[in-house]
1. Of all the helices (runs of 4 or more DSSP H) wholly in region 32-143, which have at least 3 residues that are more than 30 Å from Arg159 (Cα to Cα), in contact with a helix residue (DSSP H, G or I) (Cβ under 8 Å, 6 or more places away or on another chain) and open to solvent by less than 50 Å² (accessible area, probe 1.4 Å)?
2. Here's a check for you: in region 144-161, which residue that is aliphatic (A, V, I, L, M) and surrounded by fewer than 17 Cβ atoms within 10 Å (Cβ to Cβ) is nearest to Leu117 (Cα to Cα)?
3. Under 6 Å between Cβ atoms, at least 6 apart or on separate chains: pull out the pairs that start in region 23-51 with a residue that is under 17 Å from Met62 (Cβ atoms) and end on any residue that is small (Gly, Ala, Ser).
4. Given the criterion closer than 29 Å to Ile19 by Cβ, free of Cβ contacts under 8 Å to residues at least 24 places away in the same chain and over 16 Å from the mean Cα position of the chain (by Cα), identify the matching residue among Ile162, Ile93.
5. Can you tell me which residue among Leu72, Leu103, Leu59, Leu134 is at pLDDT 95 or above, hydrophobic (A, V, I, L, M, F, W, C) and under 18 Å from the mean Cα position of the chain (by Cα)?
6. Keeping to region 125-164, report how many residues are among the polar types (S, T, N, Q) and within 24 Å of Ala107 (Cβ to Cβ).
7. Hey, Leu186 hits all of (1) under 24 Å from Gly49 (Cα atoms); (2) free of Cβ contacts under 8 Å to residues at least 24 places away in the same chain but one; which does it fall short on?
Amino acid sequence: MRWLTRDRNFYRMLAALAIPVALQNLITFAVTLADNLMVGALGDAAVSGVYMGGQIQTLLQMFSGGIEGAILVLAAQYWGRRDVARIRCISAIGLRASLAFGLLLTAVCFAFPGAVLSLFTDKPRVIAEGAAYLRIVCLSYVFFCATQALIAATRSVERARIGMWVSSVSLLVNVGLNYVLIFGKLGA
């Protein structure tokens, strides 16, 4: 029982930081879930293609998560010292690394979506459907990388709710655009 603390402020601060972070991560994964559910109406090949394209998004999320973790660990140490200049430097380095990976992945997926998807499947119809999806969704990779690095920077200075709100807005925009573009609503 020594690992528990009696300091109620510690638990309040922990909840204030952990709950928004957990919700933000849940919302981020809900975006992919929304894509898969809405595409489900288009048939099995479309669902399989989106799933294959989602594998690239998972790779991107894992890489961004690593950058986020590095920013958080390093910047939080400096936040304890209130060394804002070092936090900015760490955040800038993380943002540049994340953007570089996002740009590279976007370029590869946009130029060679079929080749990328052929790493996951050999079914031509799934590759064709997935390539059409990947060529569009890869345009969001740079923005995803930038927001995730910046959200990590805000988390390190105890502003965890910002990421939750940004992710909430992105989920709403994603679902709205999916509705319009996938189902051809509002004249699309």
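The values are calculated or read from the model by the stated rules, or taken from the named source; none is laboratory data. The structure displayed is predicted, hence computed values, not measured ones. No Cβ is skipped: glycine too gets one built from the backbone with ideal geometry, and neighbour counts run over all protein chains shown. Remember, those area values only see protein heavy atoms, side chains included, never the ligands or the DNA or RNA. Shrake-Rupley method; radii C 1.70, N 1.55, O 1.52, S 1.80 Å.
1. Details: elements: 44-81, 84-111, 113-117, 124-137.
Because the criterion is at least 3 residues that are more than 30 Å from Arg159 (Cα to Cα), in contact with a helix residue (DSSP H, G or I) (Cβ under 8 Å, 6 or more places away or on another chain) and open to solvent by less than 50 Å² (accessible area, probe 1.4 Å), the helices (runs of 4 or more DSSP H) in region 32-143 that meet it are 44-81, 113-117, 124-137.
2. So the first thing to find is which residues in region 144-161 are aliphatic (A, V, I, L, M), and the list is 146, 149-153, 157, 160.
From what's left, surrounded by fewer than 17 Cβ atoms within 10 Å (Cβ to Cβ): 146, 157.
Numbers: Ala146: 24, Val157: 39 Å.
Among residues in region 144-161 that are aliphatic (A, V, I, L, M) and surrounded by fewer than 17 Cβ atoms within 10 Å (Cβ to Cβ), the one nearest to Leu117 (Cα to Cα) is Ala146.
3. That search, which allows pairs on different chains as well, returns Gln24/Gly163; Gln24/Ser167; Thr28/Ser167; Thr32/Gly54.
4. On the way: Ile162 fails: over 16 Å from the mean Cα position of the chain (by Cα).
The unique qualifying residue is Ile93.
5. Values: Leu72 fails: at pLDDT 95 or above; Leu59 fails: at pLDDT 95 or above; Leu134 fails: at pLDDT 95 or above.
Exactly one residue qualifies, and that residue is Leu103.
6. Filtering region 125-164 down to residues among the polar types (S, T, N, Q) leaves 140, 147-148, 154, 156.
Keeping just the survivors that are within 24 Å of Ala107 (Cβ to Cβ) gives 140, 147-148.
Total satisfying the criteria: 3.
7. Checking Leu186 against (1) under 24 Å from Gly49 (Cα atoms); (2) free of Cβ contacts under 8 Å to residues at least 24 places away in the same chain, the one that fails is (1).
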